[in-house]
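Below: one structure, written as structure tokens.
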Amino acid sequence: MNNHGRMTQLLFHLIFLVFCIFTTIPFLLTIIVSVTDEKSVVQNGYRFFPEQFSLDAFQLIFSSSEIYHAYLISVTVTIVGTVLSLLVTTMLAYAIAVPKVKYRNVLALCIFIPMIFNAGLVPWYIFITKYLHLKNSMLALILPMLVSPFNVFLVRNYFKSLPPALVESAEIEGANPLYIFGKIILPLSTPITATIALFSSLAYWNDWNLALWLIDKRELYPLQFMLFRILSMINYIGSGGNYGVGSTTLPSVTAQMAMVLVTIGPIILVYPFVQKYFIKGIMIGAVKG
């Protein structure tokens, strides 16, 4: 490598180092503020070296047993939803990627249209509650997010990049489409399936809108919605509620930071397992027309 190449490489390393610093600092500040005393934060603002440490925010969040049940709901919805989403997305993508499938372009158009137009929230809510009867059920947290058109086309493009000779050879040997999909296509598609698994798991884990619209039973609240309710209650009590008398004992700012850490705890462990597949899956799935 000549001097010009080394300087270019050094420049890119410095750019990425600065980028990492700017992305790491807010995360570190969130951790520090979450373990800082509420009065210290109110008086002095956010500091990397707080005057007084406190775990009141975490004690408040985990003071109720409902938070552990909400954790279980979120983990269950994330695992089941991701597995079902992977299965449906890959099978749908394979159907519109195989040239021999009749009306595959019509099917692809039906998948594409919701990316541009949709009926709106009210018809969607009526369909979910009146016709599918999903309100106040675990399926209400899973089925509405089962298929993402973007993920379907991303996987379809990846399948198109695979050599057609593999499928033709299997067909000559007498393999049926289901065997070809399960034994040949899916094992060769680890990068894109890992990428879609990451997208789906993040979507299911971070979602709280479905619980807001479709869940009334407290025993079915996912973690994010339960934390949203706790934070709303803290702000309500802090503002004085109906009596106009505010409380200064409940941590509000530090509780927000603690909730950020509570919600990202399990899901942040997923990324290291799919990191080596993530860039390859995105690149191949995005560039193939």
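Laid out as a table, the results:
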| item | result |
| --- | --- |
| Segment Lys39-Leu202, length gained on full extension (0.36 nm per residue, minus Cα span) | 55.3 nm |
| Spacing of the two label points (7 Å from each Cα toward its C-beta) at Arg218 and Val101, in nm | 4.6 nm |
| Net charge of neighbours whose Cβ lies under 15 Å from the Cβ of Phe58, counting Lys and Arg as +1 and Asp and Glu as -1 | -3 |
| For Thr36, residues with placed amide H under 5 Å, excluding near neighbours | Ser54 |
| Relative intensity, log₁₀ I(q)/I(0), of the range 116-158 from a Debye sum that treats every alpha carbon as a point, q = 0.18, 0.22, 0.30, 0.32 Å⁻¹ | -0.65, -0.82, -1.04, -1.09 |
| Relative frequency of Cα-Cα separations exceeding 14 Å in the range 6-74, percent | 71 percent |
| Å³ per residue enclosed by the Cα convex hull of the chain | 201 Å³ |
| Under-26-angstrom lysine pairs by C-alpha in the chain, whenever the two are 8 or more apart or on separate chains | 17 |
| Point-charge dipole on Cβ atoms (K/R +1, D/E -1) for the chain, about Cα centre, debye to 20 | 860 debye |
| Accessible surface, the chain, averaged per residue in Å² (probe 1.4 Å) | 61 Å² |
| Residue-wise HN-Hα coupling along the range 15-32, computed from phi with Karplus coefficients 6.51, -1.76, 1.60 (Hz; x: Gly, Pro) | 4, 5, 5, 5, 4, 5, 5, 5, 8, 7, 4, x, 5, 5, 5, 4, 4, 5 |
| Computed E for Leu11/Phe49 - FRET, C-beta separation, R0 30 angstrom, nearest 0.05 | 0.35 |
| Whole-Å semi-axes of the ellipsoid equivalent to the range 40-82 (Cα gyration tensor, √5λ, descending) | 33, 14, 7 |
| Positive-end residue of Asn206, Pro144, Leu227, charge dipole of the range 144-244 with Cβ unit charges | Leu227 |
| Formal net charge of residues neighbouring Ile67 (Cβ-Cβ distance under 14 Å; K, R +1; D, E -1) | 0 |
| The chain, accessible surface, carbon-and-sulfur percent (1.4 angstrom probe) | 69 percent |
| Per-q log10 I(q)/I(0), the range 33-104, q = 0.13, 0.15, 0.26 Å⁻¹ (Debye; single scatterer per alpha-carbon; no solvent) | -0.65, -0.71, -1.03 |
| Highest-MSF residue in the chain out of Thr24, Thr78, Thr263 [GNM, Cα springs under 10 Å] | Thr24 |
| Reciprocal of mean inverse Cα separation for the range 152-208 (Kirkwood radius, Å) | 12.7 Å |
| Potential lengthening between Thr129 and Leu143 on full extension [0.36 nm per residue; Cα-Cα distance subtracted] | 3.8 nm |
| Computed FRET value (nearest 0.05) for Gln275 with Gln59, which takes r as the C-beta separation and R₀ as 30 Å | 0.30 |
| Among Leu210, Leu178, Leu231, residue whose mean-square fluctuation peaks in a GNM of the chain (springs only between Cα atoms under 10 Å) | Leu178 |
| Using θ = phi - 60° and Karplus 6.51 cos²θ - 1.76 cosθ + 1.60, couplings along the range 101-116 (whole Hz; Gly, Pro as x) | 6, 5, 6, 5, 5, 5, 4, 5, 5, 5, 6, 6, 4, x, 6, 9 |
| Relative contact order (%) - criterion: Cα under 8 Å, at least six apart; region: the chain | 29 percent |
| Residues in the range 44-86 reached by a label modelled at Thr24 [backbone nitrogen below 18 Å; 7 Å Cα→Cβ] | 48-49 |
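The values are calculated or read from the model by the stated rules, or taken from the named source; none is laboratory data. Not measured: the values here are computed from a predicted model. Glycine also receives a Cβ, built like all others from the backbone with ideal geometry; neighbour counts cover every protein chain displayed. With ligands, DNA and RNA removed, areas are computed over all heavy atoms of the protein, side chains included. Shrake-Rupley method; radii C 1.70, N 1.55, O 1.52, S 1.80 Å.
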